1. Which of the numbered conditions does THR22 fail, given that it passes all the others? Conditions: (1) out of contact with any Leu (no Cβ under 7 Å at 6 or more places or on another chain); (2) β-branched (Val, Ile, Thr); (3) within 30 Å of TRP95 (Cβ to Cβ).
2. Only residues that are at positive phi and hydrophobic (A, V, I, L, M, F, W, C): list them for region 62-87, please.
3. Looking at region 60-93 only, could you name the residues that are free of Cβ contacts under 8 Å to residues at least 40 places away in the same chain and aliphatic (A, V, I, L, M)?
4. Inspect region 14-33 for any residue being surrounded by 13 or more Cβ atoms within 10 Å (Cβ to Cβ), touching a residue at least 40 places away in the same chain (Cβ under 8 Å) and either polar (S, T, N, Q) or within 30 Å of ALA111 (Cβ to Cβ) (or both) and give the result as yes or no.
Amino acid sequence: GLATNPQGHFARLLFDAFGVNTISPHVGLVLFSILFEPAGKILSVILNAWSRRHEFEADDFAKQHTGGATPLANALTKMTADHLSHPSPHPLRVWLDYSHPPLLQRLKALA
């Protein structure tokens, strides 16, 4: 791989950057994971925002095709209680980690 190929220029740069003298596939995998963790988090934030948007669209579709907001609101409230989810977490936490909108946001959008 890119980080574990002993003949690779990238591998040598990566190992040198972390002060490791001997190139090893196992250490290369760990170093590559450390290096690309921030990119993974950025991608995760983007994908979670996309997923939350689609959840709102799905909620709106369900509202229009199942007799109004009440059945969906009741189901979402029950699921939140059953899963012990926080109904209104901090917005930064939602932005960073949530793939689904929290309950109170969904209920507000359904109203």
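1. Against the list (1) out of contact with any Leu (no Cβ under 7 Å at 6 or more places or on another chain); (2) β-branched (Val, Ile, Thr); (3) within 30 Å of TRP95 (Cβ to Cβ), THR22 comes up short only on (3).
2. Answer for region 62-87, where residues must be at positive phi and hydrophobic (A, V, I, L, M, F, W, C): just LEU84.
3. Passing the criteria: ALA62, LEU72, ALA73, ALA75, LEU76, MET79, ALA81, LEU84, LEU92.
4. Scanning region 14-33, I find no residue that is surrounded by 13 or more Cβ atoms within 10 Å (Cβ to Cβ), touching a residue at least 40 places away in the same chain (Cβ under 8 Å) and either polar (S, T, N, Q) or within 30 Å of ALA111 (Cβ to Cβ) (or both), so the answer is no.
Every read-out reported here was derived from the displayed coordinates using simple, explicitly stated rules and does not represent laboratory data. Predicted model only: the values in this text are computed from it and were never measured. Every residue, glycine as well, gets a Cβ built from its backbone with ideal geometry; the counts of neighbours run over all protein chains shown.
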